[in-house]
1. Could you check the stretch 111-134 and list, in sequence order, the residues that are assigned to a loop (DSSP other than H, G, I, E, B) and open to solvent by less than 40 Å² (accessible area, probe 1.4 Å)?
2. Among the residues that make up the stretch 83-94, is at least one of them charged (D, E, K, R), assigned to a loop (DSSP other than H, G, I, E, B), over 30 Å from S24 (Cβ atoms) and modelled with pLDDT under 90?
3. Specify which of the listed residues (L67, L81) is crowded, with 17+ Cβ neighbours inside 10 Å and under 12 Å from the mean Cα position of the chain (by Cα).
4. Would you mind telling me which numbered condition in (1) in a helix (DSSP H, G or I); (2) surrounded by fewer than 18 Cβ atoms within 10 Å (Cβ to Cβ); (3) modelled with pLDDT under 95 G108 fails?
5. Mind checking whether some residue in the stretch 48-62 is within 15 Å of Q132 (Cβ to Cβ), open to solvent by less than 30 Å² (accessible area, probe 1.4 Å) and outside any loop (DSSP other than H, G, I, E, B)?
Amino acid sequence: GYLLLGAGLGVALALLARAAARGSRAATTGFATVGTLWSLLAGFAGLVMVLTWTATDHTFMYRNENLLQLSPLSLILVVALPRYVLRGRSAGTAWVVTVAAAVLAALGFALQLLPQFYQVNGEIIALALPTQLGLATGVWLLRHERVALGETMRRAA
């Protein structure tokens with residue numbers, strides 16, 4: 001179920017971004033909304049994990065590997081993603097943070113192969129990894145399309 005939800009969110013984000021890149025206003029709003037909500041959820045969960053790990057003596061949360069899947073870095077996207085997607089601001093911050101979140105999620109998955117990383121967190125990986133990859137793919141699609149559009153407009157001028 002978690003993998004179906006994660007894959008569905010990841011594919012939906014990529015498809016919304018593709019449609020947004022082709023000029024669909026509804027898809028642009030949908031991508032910005034779903035991406036921002038996911039980033040808020042992932043970032044807030046990551047922030048709670050960091051705070052419980054560092055500011056309490058709660059041993060249950062200590063060394064929680066889910067932090068790689070749900071990074072507090074995602075909170076940056078709550079501001080950066082709508083600024084880029086809806087207002088056409090520079091893709092730099094949104095691109096760097098979505099790639100970082102996707103790489104961290106992929107690293108968290110890969111580390112499960114090592115015996116030192118034994119936390120049972122397959123459900124969180126199944127939900128977060130495809131969603132993070134879909135979000136990064138969506139920002140890449142928009143960025144790529146907008147750069148291509150800008151070059152076409154420069155050549156036409």
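The values are calculated or read from the model by the stated rules, or taken from the named source; none is laboratory data. Only a predicted model underlies this, so the values are computations on that prediction, with no experimental measurement involved. Here Cβ is always computed from backbone atoms with ideal geometry, including for glycine, and neighbour counts include all displayed protein chains. The protein model used for the area step is the full one, side chains on, heavy atoms only, and it has no ligands, DNA or RNA in it. Shrake-Rupley method; radii C 1.70, N 1.55, O 1.52, S 1.80 Å.
1. N121
2. no
3. Step by step, each of L67, L81 is checked, and only L81 is crowded, with 17+ Cβ neighbours inside 10 Å and under 12 Å from the mean Cα position of the chain (by Cα).
4. Condition not satisfied by G108: (2).
5. no
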